[in-house]
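The values are calculated or read from the model by the stated rules, or taken from the named source; none is laboratory data. Quick caveat: nothing in here was measured; it's all calculated off a predicted structure. Neighbour counts run over all protein chains shown; Cβ positions are idealised from the backbone, glycine included.
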Amino acid sequence: MKVSIVGAGNVGATAALMVIAKDLADVVLVDIAEGVPQGKALDIMEAAPLIGTDKKIIGTNDNSEIKNSGIVVITAGFPRKPGMDREDLINKNVTIINSICDNIKKYAPNAIVIVVTNPLDIMSYAALKATGFNKERVIGMAGVLDSTRFRSFIAEKTGKSVKDIETMTLGAHGDSMVPILEETKIEGKKISGVMDSENIDRLVERTRKGGGEFLPLLNTSAWIAPAFSIVEMVEAIIKDSKKVLPCSVLLEGEYGYNGIYLGVPTKLGKNGVEGVIEIELSDETKKALDKSAEITKKNIEIIK
Ligand code: NAD
């Protein structure tokens with residue numbers, strides 16, 4: 001198995017390290033910046049003896065090196081800069097997604113594509129259109145990250161083990177995301193029976209704004225939890241584990257939505273998306289998911 005990661009910035013390079021550190025696959029790290037993917041790959045290669053893996057990693061500016069990849073992860077893109085509105089960012093990143101997808105079509109036509117570039121649900125839709133692949137092979141990463149953030153905040157607040165906290169965060173990646181409280185359990189008990197609603201609301205809000213918490217601290221967005229989240233999906237596909245993870249996928253009737261990418265519980269295996277799991281939602285949760293879907297639909301119109 002060969003995994004290519006296009007975009008050797010913070011997220012891409014850390015994901016490359018994680019794929020090698022978990023001994024999952026050979027890695028090709030691609031970027032337009034000369035020297036950057038080569039230098040980062042070299043650093044990871046030199047750690048391989050200590051990791052104890054014979055998996056290979058190369059860094060390159062040559063897109064043809066992605067040939068025959070089983071998985072291509074897209075982590076290339078601009079972050080939002082001051083003065084740039086959402087529409088500008090969408091248009092700039094769609095141009096990048098389109099050019100990367102041309103190369104995927106040409107050199108890795110059988111790959112499963114994991115999109116990470118923001119705004120996530122819109123870029124995943126753009127990648128589906130640009131590759132022309134079937135929807136099972138173009139998957140957006142966001143819900144795994146949003147869910148691990150929510151779990152970590154609950155663990156921090158309650159002092160319970162992260163291993164005993166389950167949750168699922170659905171909807172769009174952004175302020176309208178929907179942490180599913182009816183699926184959120186602490187040591188097997190519903191969160192509503194363990195925490196008061198004020199504290200729950202506070203943690204939900206912190207999760208929704210999770211990405212933004214990093215900007216004043218690091219002047220950029222996060223990359224370690226995002227890279228772990230990517231590799232959770234890569235591992236489920238490589239190991240054909242059929243693990244159910246919240247991923248952004250094209251919906252065609254599931255949950256009552258059509259023609260949009262939205263985060264839903266998704267079974268991942270060697271074919272990519274092997275099913276969308278429709279869980280029962282409370283009226284309040286469904287309303288929140290409807291709102292999230294509406295926002296995504298409007299944003300998709302920008303690139304249609
Ligand atoms: P970064 O600026 O560190 O890295 C981006 C890299 O992309 C740069 O090295 C740049 O040279 C490269 N690049 C630009 N155009 C390219 C092209 N056409 N081909 C190859 N490489 C190209 O950014 P980052 O922090 O690594 O974040 C990357 C993307 O991931 C951003 O869009 C960010 O918003 C997104 N992100 C998404 C999530 C999520 O949950 N989905 C989480 C974190 C970050």
Can we say Ala130 is away from the ligand (no atom under 12 Å from the Cβ), assigned to a helix (DSSP H, G or I) and touching a residue at least 60 places away in the same chain (Cβ under 8 Å)? no
Within segment 31-50, is even one residue under 23 Å from Val138 (Cα atoms), touching a residue at least 12 places away in the same chain (Cβ under 8 Å) and within 22 Å of the chain's Cα centre (by Cα)? yes
If the Cβ limit is 9 Å and pairs must be 6+ apart or interchain, which residue in segment 99-118 that is within 10 Å of the ligand (Cβ to nearest atom) and part of a loop (DSSP other than H, G, I, E, B) pairs with which residue that is modelled with pLDDT under 95 and of a type in the set (D, E, K, R)? Asn118/Arg80
Check whether at least one residue in segment 206-225 is within 14 Å of the ligand (Cβ to nearest atom), within 14 Å of Gly174 (Cβ to Cβ), in contact with a strand residue (DSSP E or B) (Cβ under 9 Å, 6 or more places away or on another chain) and in contact (Cβ under 8 Å) with a residue 40 or more places away in the chain, and report yes or no. yes
Go through segment 57-73 and give me each residue that's assigned to a strand (DSSP E or B) and touching a residue at least 60 places away in the same chain (Cβ under 8 Å). Ile71, Val72, Val73
Among the residues of segment 245-262, which ones are outside any strand (DSSP E or B) and exposed (fewer than 12 other Cβ atoms within 10 Å of the Cβ)? Gly253, Gly256
Residues being near the ligand (Cβ under 10 Å from one of its atoms) and aliphatic (A, V, I, L, M) - total across segment 226-240: 2
Tell me the residue from Thr131, Thr158, Thr117, Thr169 that is hydroxyl-bearing (Ser, Thr, Tyr), under 17 Å from the mean Cα position of the chain (by Cα) and over 21 Å from Val276 (Cα atoms), please. Thr117
Here is a list: Ala41, Ala33, Ala16, Ala76. Which entry is surrounded by 15 or more Cβ atoms within 10 Å (Cβ to Cβ), within 15 Å of the ligand (Cβ to nearest atom) and in a loop (DSSP other than H, G, I, E, B)? Ala76
Name the residue that is surrounded by the most Cβ atoms within 10 Å (Cβ to Cβ), counting only residues in segment 267-304 that are among the polar types (S, T, N, Q) and closer than 21 Å to Arg137 by Cβ. Thr296
Out of (1) under 23 Å from the mean Cα position of the chain (by Cα); (2) free of Cβ contacts under 8 Å to residues at least 40 places away in the same chain, what's the single condition that is false for Gly7? (2)
The number of residues in segment 51-70 that are more than 30 Å from Asp102 (Cα to Cα) and either modelled with pLDDT under 95 or within 24 Å of the chain's Cα centre (by Cα) (or both) is 0
Taking segment 143-171 only, how many residues are in a loop (DSSP other than H, G, I, E, B) and either out of contact with any Pro (no Cβ under 8 Å at 6 or more places or on another chain) or farther than 26 Å from Tyr257 by Cα (or both)? 3
Do we have any residue at all in segment 198-210 that's outside any strand (DSSP E or B), at pLDDT below 95 and small (Gly, Ala, Ser)? yes
Residue pairs, Cβ under 6 Å, 6 or more apart or interchain, first in segment 154-165 and of a type outside the set (D, E, K, R), second part of a helix (DSSP H, G or I) and exposed (fewer than 15 other Cβ atoms within 10 Å of the Cβ). List them. Ala155/Val162
Which numbered condition in (1) buried (at least 20 other Cβ atoms within 10 Å of the Cβ); (2) within 24 Å of Gly7 (Cα to Cα); (3) of a type outside the set (D, E, K, R) is the only one that Trp223 fails? (1)
Residues that are over 23 Å from Ile165 (Cβ atoms), touching a residue at least 12 places away in the same chain (Cβ under 8 Å), touching a Phe, Trp or Tyr at 6+ places or on another chain (Cβ under 7 Å) and among the aromatic types (Phe, Trp, Tyr): does segment 242-257 have at least one? no
